[in-house]
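Encoded as structure tokens, the structure appears first; notes follow it.
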Amino acid sequence: MKKTFFLFIIFLFTQTFAQEKILFWPKGEMPNSKILASKTKKKKVLAELKEPELFAFLPPIKERNQKSVIIIPGGGYSKLTYDEGAFQIAKWMNTLGISAFVLNYRLPTSTDLIQREIAPLQDVQAAIKYIRKNAEQWKISPNLIGVVGTSAGGHLATSVSNISTDYTGLKGDLANISTIPDFAVLFCPVIDLGEFAHKGSRNSLLGENASEEKITEYSMQNRVTEKTPPTILFHNQDDTAVPAMNSILYYKAMTKYKVKGSLFIFPKGGHRFFVTDKNALSENWKKLYADWLAGIGNK
């Protein structure tokens, strides 16, 4: 009896939060890869190629609304932190009726890359195109796709929000699909790569000897325009890994260009915003987040 009940609970959970793994680059068309660019396509070499993927978390169809998000994990551009920083947020977002796709993107430290700093951007741009193209099959809107970024994932989320150049090189019906998300949610984001930089993220993305011009170019407060999508930011004042000035600088730029959005800075919490947080003050991010998203898409 206990075994039957246990199996029923597992079945119920998997049905409620269905997870699907998706390879979103068309076969052989992933750019910026030394392996794919080489003339010899030996099976042994191709086996070493690690392709980006999406993990789809879909709420039950009867509870699903038109919104979806691509969740971009952090990890300082040297690793990816999935569990609390991505998978748990995806499952929680399903309870709001929002479809969530967790992105496994190429890291700029990969030895397979030809140009390190654009690889993560290429992957999230291709993922947005893929979801927009296939939105109908998931019963979501191609015009209500947001990005959720934590830490270095926040830097990538703001990069795709502000860099309009399409680096995917995709052709055919994917060529004219926009790579800009419709909204963005940022947690403790890496924004500035200068004075307030998380040095590990900067070094992984640009290398240890990056020029001042490159640092300025990839400091995302400098890329905000009136076309930046609506954005909500969450940060903790006692974050010693990524100073709260990163979010402040981005929001200041948003204000300058009249970009719709909100900024919330809590006094305590460190470098994290987890679904399981029990801090009486900072756990309020979940209600603020849900209320703000509820207004997205409303005229």
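Quick notes on this structure:
- Applying the criterion of being in contact with a strand residue (DSSP E or B) (Cβ under 8 Å, 6 or more places away or on another chain) and within 22 Å of Leu144 (Cβ to Cβ) to the residues of region 106-124, the residue that is surrounded by the most Cβ atoms within 10 Å (Cβ to Cβ) is Asp123.
- Test: residue in region 272-283 that is among the basic types (Lys, Arg), open to solvent by 40 Å² or more (accessible area, probe 1.4 Å) and part of a helix (DSSP H, G or I): no
- Filter result for Pro60 (open to solvent by less than 50 Å² (accessible area, probe 1.4 Å), closer than 19 Å to Phe187 by Cβ and not small (Gly, Ala, Ser)): no
- Output for region 119-154, where each listed residue is assigned to a loop (DSSP other than H, G, I, E, B) and not aliphatic (A, V, I, L, M): Asn134, Lys139, Ser141, Pro142, Asn143, Ser151
- Flag for Leu288 being open to solvent by 20 Å² or more (accessible area, probe 1.4 Å) and over 20 Å from Phe196 (Cβ atoms): yes
- Filter result for Ile177 (surrounded by fewer than 24 Cβ atoms within 10 Å (Cβ to Cβ) and either at pLDDT 95 or above or not aliphatic (A, V, I, L, M) (or both)): yes
- Output for region 155-168, where each listed residue is assigned to a loop (DSSP other than H, G, I, E, B) and either β-branched (Val, Ile, Thr) or in contact with a helix residue (DSSP H, G or I) (Cβ under 8 Å, 6 or more places away or on another chain) (or both): Ile163, Thr165, Asp166, Tyr167, Thr168
- Restricting region 91-105 to residues that are outside any helix (DSSP H, G or I) and not aliphatic (A, V, I, L, M) leaves a set whose member that is surrounded by the most Cβ atoms within 10 Å (Cβ to Cβ) is Phe101.
- Scanning region 242-265 for residues that are touching a residue at least 24 places away in the same chain (Cβ under 8 Å), outside any helix (DSSP H, G or I) and either over 12 Å from Pro189 (Cβ atoms) or aliphatic (A, V, I, L, M) (or both) yields Val242, Tyr257, Lys258, Val259, Lys260, Gly261, Ser262, Leu263, Phe264, Ile265.
- Lone unmet requirement of (1) under 27 Å from Ile140 (Cβ atoms); (2) assigned to a loop (DSSP other than H, G, I, E, B); (3) in contact with a Ser or Thr (Cβ under 7 Å, 6 or more places away or on another chain); (4) not β-branched (Val, Ile, Thr) for Leu233: (2)
- Among residues of region 78-90, those that are buried (at least 17 other Cβ atoms within 10 Å of the Cβ) and either of a type in the set (Gly, Ala, Ser) or part of a helix (DSSP H, G or I) (or both), counted: 5
- Annotation: Glu217 fulfils all but one of (1) of a type in the set (D, E, K, R); (2) surrounded by 12 or more Cβ atoms within 10 Å (Cβ to Cβ); (3) touching a residue at least 40 places away in the same chain (Cβ under 8 Å); the unmet one is (3).
- Only one of Asp192, Asp238 that is of a type in the set (Asp, Glu) and crowded, with 16+ Cβ neighbours inside 10 Å: Asp192
- Qualifying residue in region 138-145 (condition: buried (at least 24 other Cβ atoms within 10 Å of the Cβ) and in contact (Cβ under 8 Å) with a residue 12 or more places away in the chain): yes
- Within region 166-216, the residues that satisfy the criterion of being touching a strand residue (DSSP E or B) at 6+ places or on another chain (Cβ under 8 Å) and not charged (D, E, K, R) are Pro181, Phe183, Ala184, Val185, Leu186, Phe187, Cys188, Pro189.
- Listed conditions (1) outside any strand (DSSP E or B); (2) out of contact with any Gly (no Cβ under 6 Å at 6 or more places or on another chain); (3) modelled with pLDDT of 90 or more; (4) not small (Gly, Ala, Ser) are all met by Pro31, apart from (2).
The values are calculated or read from the model by the stated rules, or taken from the named source; none is laboratory data. Bear in mind the structure is a predicted one, so any value in this text is a computation, not a measurement. Reconstructed Cβ throughout: ideal geometry from the backbone, glycine too, with neighbour counts over all protein chains shown. When the accessible area is computed, the model is the full protein with side chains, heavy atoms only, and any ligands, DNA or RNA have been set aside. Shrake-Rupley method; radii C 1.70, N 1.55, O 1.52, S 1.80 Å.
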